[in-house]
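The structure appears below as structure tokens.
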Amino acid sequence: MVLVTGATGTVGREVVRGLPAGLRVRVMTRDPARAAGVFAGAGVEAVAGDYTDPPSLARALRGVDTAFLVTTGVDGEDDAAFVPAARAAGVRRVVKLSAAAVLDPGAQDLVTRRQRANEDLLRGCGLQWTLLRPRAFMSNCLSWAGPVRRERTVRALYGTSPNACVDPRDIAEAAVRALTEEGHAGRAYTLTGPQALTAADQTRELGRLLGVPLRFEELTPDQARAALGRRYPPPVVEALLASAERQRAGAKAHVEDTVRTLTGHPARSFRHWAQDHLEAFTPPPDQTGPHPQTP
């Protein structure tokens, strides 16, 4: 049996959908009813589980051979709870969603330090492990959807800094290979898209696909801090701003061909991702608004 944590998230749900038919799949979630709705008809077992609730974690892991581990807490307590529980339950293999930043010696922010510690925890636990280290998700651009629909405008920090962002579907395909094939134990895979793009590049591409000019407005660091502060606690905000500074210095522009190696096809382009998600950026037919010039 395969257990998928974070199954209703951006990557997790694609992992569940990509697992071979006939494979027993269980998803651990705080809301099994929601998960059952997401995966209706897929033959997926949804169970209630929480990293902070050891008995629920033990129930979710019972009978599991392989697990896909997604955690978001920056304190590291989720991984520290899951890994020994998986070992006690007899889990053989854990595939962990990490991040490419762990390889950058200049990345010393809170989030990256914790990701490194979680990787070390998994490597030393005695289980078979595989690490997936993606660059930024292309789907992060969905945060622009509202302003694009309403104002035909994208606002972001450091619009000319490149990032080899990756389609979450490619990450999920790599995860499925690591979960279902032999030969991935003890391996760490850095996953990127096929080219490094800036936010201004992405804005132009979206405008071309939509058939309308979009404007890019660069945020100041203070504006970005204020915007992030509406979503995240201060330590995470500062970590994200430090990450943006590293991107501006070119730390996230390197492209890997690992997606092709693992899946057999090239990494999907941003244009491919945007075309498949264009509806999110398309205003209602009766909506009118300004027509700014593309930068």
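Values in this text are rule-based calculations from the coordinates and carry no lab data. Since the structure is predicted, the reported quantities are computational estimates derived from the model, not experimental observations. So basically every Cβ, Gly included, is an ideal-geometry build from the backbone, and we count neighbours across all protein chains shown.
For region 1-131, the Cα-based Rg and Dmax, in that order, read 14.5, 46 Å. Spin-label model, Ala145/Ser269: points 7 Å from Cα along the beta carbon direction are separated by 2.3 nm. Throw me the Rg/Rh for the chain, computed over C-alpha atoms with Kirkwood Rh, two decimals. Taking Rg over the Kirkwood Rh, I get 0.98.
The order of the peptides 59-66, 31-38, 170-177, 190-197 by mean Cβ neighbours within 10 Å, most packed first, is 170-177, 190-197, 59-66, 31-38. Legend: Rg and Dmax of region 76-179, from Cα coordinates, 17.1, 53 Å.
How much length is gained if the chain between Glu218 and Leu278 is pulled fully straight, taking 0.36 nm per residue apart and subtracting their Cα-Cα distance, in nm to one decimal? Write out the running numbers ahead of the final one.
Values: separation 60, 0.36 × 60 = 21.60 nm, distance 2.24 nm.
Here the segment from Glu218 to Leu278 would lengthen by 19.4 nm.
Using only Cα atoms, what is the ratio of the radius of gyration of region 47-99 to 2.2 N^0.38 Å?
With N residues counted in region 47-99, Rg over 2.2 N^0.38 Å equals 1.04.
Applying 1/(1 + (r/R0)^6) with r as the Cβ-Cβ distance of Thr52 and Glu181 and R0 = 25 angstrom yields a FRET efficiency of 0.20. Count the DSSP beta bridges whose two residues both fall in the chain, then state the antiparallel fraction as a percent rounded to the nearest 5. Beta bridges within the chain, antiparallel portion: roughly 5 percent.
Using just the Cα positions, wrap region 225-272 in a convex hull and report its mean projected area in square nanometres, one decimal place. Write down the numbers at each step before the final one.
On the way: hull surface 20.4 nm².
The orientation-averaged projected area of the Cα hull of region 225-272 comes to 5.1 nm².
Sorted largest first, the spans of the alpha carbon positions of region 125-256 along the three principal axes are 50, 37, 25 Å.
For region 119-163, a Kirkwood radius taken over Cα pairs fed into Stokes-Einstein (4 °C, viscosity 1.567 mPa s) yields D = 93 µm²/s.
For the pair Ala88 and Ala249, a Förster radius of 45 Å applied to the C-beta separation gives a FRET efficiency near 0.55, rounded to the nearest 0.05.
Under 5 Å between amide hydrogens, built in the peptide plane, is the criterion, and for Arg215 it picks out Thr153, Val154 among residues at least 5 positions away or on other chains. Amide H to amide H distances under 5 Å link Ala7 with Met28, where only residues 5 or more positions off or on other chains count and H is placed in the peptide plane.
Here the 3J(HN,Hα) profile of region 155-170, calculated from phi with Karplus coefficients 6.51, -1.76 and 1.60 at θ = phi - 60°, is 10, 7, 8, 6, x, 10, 9, x, 9, 7, 4, 10, 6, x, 5, 5 Hz, Gly and Pro shown as x. The largest-to-smallest principal axis extents of the Cα set in region 137-207 are 49, 22, 17 Å.
Counting only DSSP H runs of at least 4 residues, each contributing -39500 (n - 2.57), and dividing by the residue count of the chain, the helix-based mean residue ellipticity at 222 nm comes to -11500 deg cm²/dmol. Note that region 69-83 has calculated 3J(HN,Hα) couplings of 10, 10, 10, 10, x, 7, 7, x, 5, 5, 5, 5, 7, 6, 4 Hz, one per residue in order, obtained from phi through the Karplus relation 6.51 cos²θ - 1.76 cosθ + 1.60 (θ = phi - 60°); glycine and proline are x.
Here the 3J(HN,Hα) profile of region 259-272, calculated from phi with Karplus coefficients 6.51, -1.76 and 1.60 at θ = phi - 60°, is 4, 4, 4, 7, 9, x, 9, x, 4, 5, 7, 4, 4, 4 Hz, Gly and Pro shown as x.
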